[in-house]
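In what follows, a structure is listed as structure tokens, so that the remarks can point back to it.
Where a number appears in this text, it was derived from the coordinates with a stated rule and is not lab data. This one's a predicted model, so the numbers in the text were calculated from it and none came from an experiment. Backbone-built Cβ (ideal geometry, glycine too); neighbour counts: all protein chains shown.
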Amino acid sequence: MEDFLSLELPELEGRIHALGQPRYRARQIFSWIHGRGVFSAEQMHNLPGELRGQVAPFLSPPPVALDQRLDGEDGTQKFRFRLRDGGVIESVTIPEEKRVTLCVSTQVGCALGCLFCRTGQMGLRRNLKVEEILGQYYAIRSMFGGKRAITHVVLMGMGEPLENQEATRRALKLMTHPLGCGLSTRRITVSTVGIPGRLERLFSEIPVSITLSLNAADEETRSRLMPINRRYQIEEVLDTLRRIPLAPRRRFTIAYVLIRGENDSLKDARRLVRILHGLRCKINLIPFNPFPETELRRPQEGDVLAFQDCLRGRGLSTHVRWSRGGDVLAACGQLGGEAPENRKETPGDM
Ligand code: SF4
């Protein structure tokens with residue numbers, strides 16, 4: 001049975017109208033679900049008893065159950081949720097002085113296999129449903145004390161959001177609706193490898209902030225680190241960004257994971273300056289966070305700083321993100337992999 005949790009407001013109005021009830025009741029139900037995190041008709045006390053009975057079968061709590069919570073020394077927290085089919089996903093909260101950012105997953109695993117990413121080593125188990133993406137937000141929002149507790153959301157957890165396009169689009173619509181969560185599009189970031197066409201379509205409907213996971217300045221290196229680059233090459237992806245009509249004073253973020261001996265030389269930095277010429281962007285350099293299954297190495301601090309100086313010296317706004325949450329494997333690229341349900345079976349596993 002279709003759950004009201006995944007419906008956009010016009011769809012919900014259609015369902016409520018079909019039950020012989022006025023459309024404004026749909027707005028009330030929508031606001032209970034998405035604004036207040038109430039999923040039981042019983043508690044929707046401004047609805048008449050008859051309507052509560054009619055809608056009760058279509059309402060249920062988000063299908064994510066908290067399984068484990070790990071607290072990092074720096075305040076970062078990693079949440080592991082179990083899905084109804086036994087799959088496991090992870091979300092991370094990162095508190096800063098004036099904001100709390102929640103990083104959510106969009107897939108169980110990921111098919112794209114980026115070498116520096118632990119999730120990518122799992123393979124794809126399945127796409128998340130709308131209510132599973134939103135469920136991470138609602139569960140953590142309520143643990144943290146309500147609607148304003150999470151100030152920013154980033155789709156940067158497990159999975160590539162544009163490979164789960166429709167559920168991602170719908171979840172973003174529901175997060176940004178003023179009668180629901182009411183998050184500003186400026187406070188939501190979609191992190192992506194950059195899939196031309198899909199990226200433009202998503203942005204034209206919901207102009208969220210975009211982080212492009214670039215990680216190399218030449219095609220050969222990027223294709224080695226990120227196999228998707230064989231399909232969508234750097235040039236095509238950057239051209240896509242150049243076509244997107246950004247509002248004044250907004251910029252793209254370019255994420256660049258620095259890996260020792262792979263992409264962290266000054267030659268790479270100079271090439272990066274060349275290929276980003278004319279693009280309104282800032283750059284986040286992320287020193288690689290090793291995880292158990294990889295042989296890639298963390299860069300040396302001196303090389304990270306030299307890389308940053310080179311970009312800054314040529315006028316590019318560049319920050320080093322010394323990732324947080326490394327002690328609980330919650331840092332960038334470290335999510336996934338512990339739960340046996342998530343492991344892709346290989347002959348060695350059997
Ligand atoms: S970095 Fe993103 S796209 Fe690449 S494997 Fe990891 S989750 Fe997938």
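Miscellaneous remarks
- Net charge dipole size for the chain [Lys, Arg +1 and Asp, Glu -1 on Cβ; Debye, nearest 20]: 1240 debye
- Reachable aspartates and glutamates, given that their alpha-carbon falls under 16 Å from the alpha-carbon of residue 129 and they are not under 8 places away in the same chain: 2, 3, 8, 85, 90, 160, 163, 166
- Computed per residue of the chain from DSSP H runs no shorter than four, each worth -39500 (n - 2.57), the mean residue ellipticity at 222 nm is -8000 deg cm²/dmol.
- Only Cα pairs under 8 Å and 6+ residues apart enter the sum, and on that basis the relative contact order of the range 1-57 stands at 25 percent.
- Mean-position separation - Cα centroids, the range 43-106 and the range 1-24, in angstrom: 22 Å
- Normalising the average separation of contacting C-alpha pairs (under 8 angstrom, six or more residues apart) by the number of residues puts the relative contact order of the range 129-282 at 19 percent.
- Whole-Å distance, taken between Cα centres, linking the range 128-195 and the range 233-270: 24 Å
- A cut-off of 5 Å between modelled amide H atoms, ignoring neighbours fewer than 5 places along the same chain, links residue 44 with no other residue.
- Acute angle (nearest 10 degrees) that the helix 301-313 long axis makes with the longest principal axis of the chain, alpha-carbon atoms: 90 degrees
- Rounded to 10°, Cα long-axis angle of helix 234-243 versus longest principal axis of the chain: 50 degrees
- A protection proxy built from the mean count of other Cβ atoms within 10 Å ranks the segments 36-42, 113-119, most packed first, as 113-119, 36-42.
- Dipole of the chain, positive direction: furthest Cα of 9, 59, 124, with charges on the beta-carbon: 9
- Angle between the chain longest axis and helix 130-143 axis [Cα atoms, degrees, rounded to 10]: 90 degrees
- Highest mean packing comes first when the peptides 60-67, 239-246 are listed by Cβ atoms within 10 Å, giving 60-67, 239-246.
- Neighbour-limited loop hits for GluC sites (Glu not before Pro), the range 89-125 (at most 12 other Cβ within 10 Å; DSSP other than H, G, I, E, B): 96, 97
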